[in-house]
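Participant: Dropping a structure here in structure tokens format, bear with me for questions.
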Amino acid sequence: MEFSSKLLENAVYEMSQLPGIGRRTALRLVLHLLKQPEGQTQHLAAALSKLREEVNFCKSCHNISDTEICEICASSKRDQSLICVVEDIRDVMAIENTSQYNGLYHVLGGKISPMEGVGPQELNIATLVDKIRAGGVRELIFALSSTMEGDTTNFYIYKQLEGLEVQTSTIARGISVGDELEYADEVTLGRSILNRVPFESSIKAS
């Protein structure tokens, strides 16, 4: 792809680094921004810059937040004894949209994947185990995607909890095997949360 401007080429290159954005789509987006009022592009750049510089991760659940403790963890209306383990913030948003869950979350920041060089130490697993050891947690719900990596992560955490007094469950398999949680429709995801099953049963079933 030949460019008449080095500035244009650099902008297209940076845009194409985003997930799912190829060079042609990046070019279309950059040209669209050039057609917009200058203020709009500046607002976008300022919002992205401020996001990168000022965003926080909740010290309790690792969810993206504007404060040290996110609104979900700080809410007195949430069931503090119930924790739903998810991969990232997109899964928190998906489950929240179902309005079927009233507990807390723990965001791992990924899944165990040896092929991609992601081990347990790269994830927020240690802080989850520490939270369970501290007491006060009645049930831990595994809500990772129904993939090999998701199941491996679930099982690893489950083994780390051996000897601790906490009930473990997993979302019902209304979510198709291999599906990513964020793409499930709200009704199916909501029912999967409500109809969760003991994690031990899911191990035997597989």
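The values are calculated or read from the model by the stated rules, or taken from the named source; none is laboratory data. Quantities reported herein were computed from a predicted structural model and do not represent experimental measurements. Neighbour counts are summed over all protein chains in view; Cβ atoms, including those assigned to glycine, are modelled from backbone coordinates with ideal geometry.
Participant: Just for segment 38-59: of the residues that are among the hydrophobic types (A, V, I, L, M, F, W, C) and out of contact with any helix residue (DSSP H, G or I) (no Cβ under 9 Å at 6 or more places or on another chain), which one is nearest to I89 (Cα to Cα)?
Facilitator: Here is the first cut: in segment 38-59, the ones among the hydrophobic types (A, V, I, L, M, F, W, C) are 44-48, 51, 55, 57-58.
Within this subset, residues satisfying the condition of being out of contact with any helix residue (DSSP H, G or I) (no Cβ under 9 Å at 6 or more places or on another chain) are 45-48, 51, 55, 57.
Values: A45: 22, A46: 22, A47: 19, L48: 17, L51: 15, V55: 13, F57: 10 Å.
Among those that are among the hydrophobic types (A, V, I, L, M, F, W, C) and out of contact with any helix residue (DSSP H, G or I) (no Cβ under 9 Å at 6 or more places or on another chain), it is F57.
Participant: Cβ-Cβ under 8 Å, sequence separation 6+ or interchain: first residue in segment 113-134 and in contact (Cβ under 8 Å) with a residue 24 or more places away in the chain, partner of a type in the set (D, E, K, R) and assigned to a helix (DSSP H, G or I). Which pairs?
Facilitator: Between residues of segment 113-134 that are in contact (Cβ under 8 Å) with a residue 24 or more places away in the chain and residues that are of a type in the set (D, E, K, R) and assigned to a helix (DSSP H, G or I), the close pairs are S113/E149.
Participant: Examine segment 98-117 for a residue that is acidic (D, E), exposed (fewer than 14 other Cβ atoms within 10 Å of the Cβ) and in a loop (DSSP other than H, G, I, E, B), and state whether such a residue exists.
Facilitator: Of the residues in segment 98-117, the ones acidic (D, E) are 116.
So of that shortlist, the ones also exposed (fewer than 14 other Cβ atoms within 10 Å of the Cβ) come out as 116.
Next, only the ones that are in a loop (DSSP other than H, G, I, E, B) stay: none.
Within segment 98-117, none of the residues are acidic (D, E), exposed (fewer than 14 other Cβ atoms within 10 Å of the Cβ) and in a loop (DSSP other than H, G, I, E, B).
Participant: Mind telling me which of the residues A26, A94 ends up being assigned to a helix (DSSP H, G or I), surrounded by 12 or more Cβ atoms within 10 Å (Cβ to Cβ), assigned by TED's automatic domain parsing to the domain that holds V129 and not acidic (D, E)?
Facilitator: When all the criteria are applied, what remains is A94.
Participant: Which numbered condition in (1) modelled with pLDDT of 95 or more; (2) over 30 Å from V107 (Cα atoms) is the only one that Q17 fails?
Facilitator: (2)
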